[in-house]
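What follows is one structure encoded as structure tokens, with my remarks underneath.
The values are calculated or read from the model by the stated rules, or taken from the named source; none is laboratory data. Remember, predicted model here, so these are calculated numbers, not experimental data. With ideal geometry, Cβ positions are generated from the backbone for all residues, glycine too; neighbour counts draw on all protein chains shown. Only protein heavy atoms, including side chains, enter the accessible area calculation; ligands, DNA and RNA are left aside. Shrake-Rupley method; radii C 1.70, N 1.55, O 1.52, S 1.80 Å.
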Amino acid sequence: MDKKKGIFYTIVSATAFGLTPLLCASANKLGATPETLVFLRNLFVIPVLFIVCKAQKIDLKMGGTDLKHAFIVGVFGMTATALLLYNAYLYLPVGTVTTLHFLYPVFVALIGLVVFKEKISKVKGFVLLIATCGIFFFLESMEGSNALLGIVLSVLSGGTYAFYMSGIEIFKLNKINSYKLTLYLAIFSAIVMLGYSLVTGKLSLSQMVPMAYVYAFIIGIGTSFLAVYTLQLGIKYLGASTAAIFCMFEPVTAVVGELIVFGTPLTPMKIMGCIVILGSVTLLTVLDKKAEAKEAKVALEAQAEAGKA
């Protein structure tokens, strides 16, 4: 029963994340710049997260070191990822952007290799190579520099998201209550994006129609609250590795949603690209899960031997 709950919650989370690009694309057509959307997405969710923290009597105090680390991860991880993704939607179909973004496990593995000195097996290395090669399937009919820029932004978003995920672990921010941490990340992101948008002149509040604000609110609640919360439940019932596999519904949702809402055609090359990237990422997740199980078994055997001694 718990497994079914985990699958359900994870798919709900992936669906919420997958629908976000469609809302972003719609808001862009109504006068919202990517910078404004990132700002509003975080601004709107701050009071919601604050109320939740207060309702659950979560202590909102945070030490100076944690604040510094949360700022680094929030700005260069979470905020940078959203900014890159939302700009990529201007140049490429949302399904393509979301699929390319899902190369982030490749960057996570590279960070593990460089920072944690983790060894990459030949099989895992081959899978990472195949996943990277999946990018080339999306070069079909890519005319002009704008399409190439969209690909670059999409892939870079995978790198910044990998930094966000790894940074949470590196700086031990995963020990902080998730609602509390998300609240601080949203505050930092809103402040930085407001300043950035004002300096660059990309704050489009006056050009946006009311419906664009509605989309921005839904994006904020859907991603920073609903999607994050249900993903946490999914991980609770399934474990991180298994939950990560069901997160593959995110790009699938984006591709199908784009087909239904915008009528964007799916070419055979794009379908192959999706299969190569998502298949490789799923296999990579399975390999990680087996490696974790093996490490756990070795640790238990070592404890047993130590107990005998």
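Tell me, yes or no, whether the range 220-228 has at least one residue that is surrounded by fewer than 18 Cβ atoms within 10 Å (Cβ to Cβ) and at pLDDT 95 or above. Checked the range 220-228: no residue is surrounded by fewer than 18 Cβ atoms within 10 Å (Cβ to Cβ) and at pLDDT 95 or above. Within the range 164-211, the set of residues being assigned to a helix (DSSP H, G or I) and without any contact (Cβ under 8 Å) to a residue 24 or more places away in the chain comprises 169, 174, 175, 191, 195, 198, 199, 206, 210.
When residues in the range 249-268 are screened for being more than 23 Å from residue 10 (Cβ to Cβ), among the β-branched types (Val, Ile, Thr) and out of contact with any helix residue (DSSP H, G or I) (no Cβ under 7 Å at 6 or more places or on another chain), 1 of them pass.
Cβ separations smaller than 7 Å between residues 6+ apart or across chains give the following pairs from the range 25-36 residues that are open to solvent by 30 Å² or more (accessible area, probe 1.4 Å) to residues that are small (Gly, Ala, Ser) and modelled with pLDDT of 90 or more: 30/212; 33/204. When the range 57-69 is filtered for residues that are closer than 25 Å to residue 80 by Cα and in contact (Cβ under 8 Å) with a residue 60 or more places away in the chain, the ones remaining, listed by number, are 60, 62, 66, 67, 69.
Table: residues versus (1) among the β-branched types (Val, Ile, Thr); (2) in contact with a helix residue (DSSP H, G or I) (Cβ under 7 Å, 6 or more places away or on another chain).
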site	(1), (2)
94	yes, yes
116	no, no
121	no, no
163	no, yes
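Would you mind telling me which numbered condition in (1) more than 16 Å from residue 254 (Cβ to Cβ); (2) not in a helix (DSSP H, G or I) residue 90 fails? The single condition residue 90 does not satisfy is (1). Among the listed residues 214, 228, identify the single one that is free of Cβ contacts under 8 Å to residues at least 40 places away in the same chain and within 19 Å of residue 20 (Cβ to Cβ). After ruling out the rest, the residue left standing is 214. Every condition in (1) assigned to a helix (DSSP H, G or I); (2) more than 19 Å from the chain's Cα centre (by Cα) is met by residue 77 except one, and the failing one is (2).
In the range 43-56, the residues that are in contact (Cβ under 8 Å) with a residue 24 or more places away in the chain form Cβ pairs under 9 Å with partners that are in a loop (DSSP other than H, G, I, E, B), at six or more places apart or across chains, as follows: 50/60; 52/58; 53/59; 53/60; 53/177; 56/177. Which one of 119, 124 is outside any helix (DSSP H, G or I), charged (D, E, K, R) and either open to solvent by 30 Å² or more (accessible area, probe 1.4 Å) or without any contact (Cβ under 8 Å) to a residue 12 or more places away in the chain (or both)? Selected residue: 119, the only one of 119, 124 that is outside any helix (DSSP H, G or I), charged (D, E, K, R) and either open to solvent by 30 Å² or more (accessible area, probe 1.4 Å) or without any contact (Cβ under 8 Å) to a residue 12 or more places away in the chain (or both).
Pairs meeting the criteria (first residue in the range 139-163 and at pLDDT 85 or above, second residue of a type in the set (Ser, Thr, Tyr) and in a helix (DSSP H, G or I), beta carbons under 6 Å, at least 6 apart or on different chains) are 157/81; 158/104; 160/81; 161/81; 161/104; 162/104. A single member of 291, 306, 296 is surrounded by 14 or more Cβ atoms within 10 Å (Cβ to Cβ), modelled with pLDDT under 70 and over 23 Å from residue 99 (Cα atoms), and it is 291.
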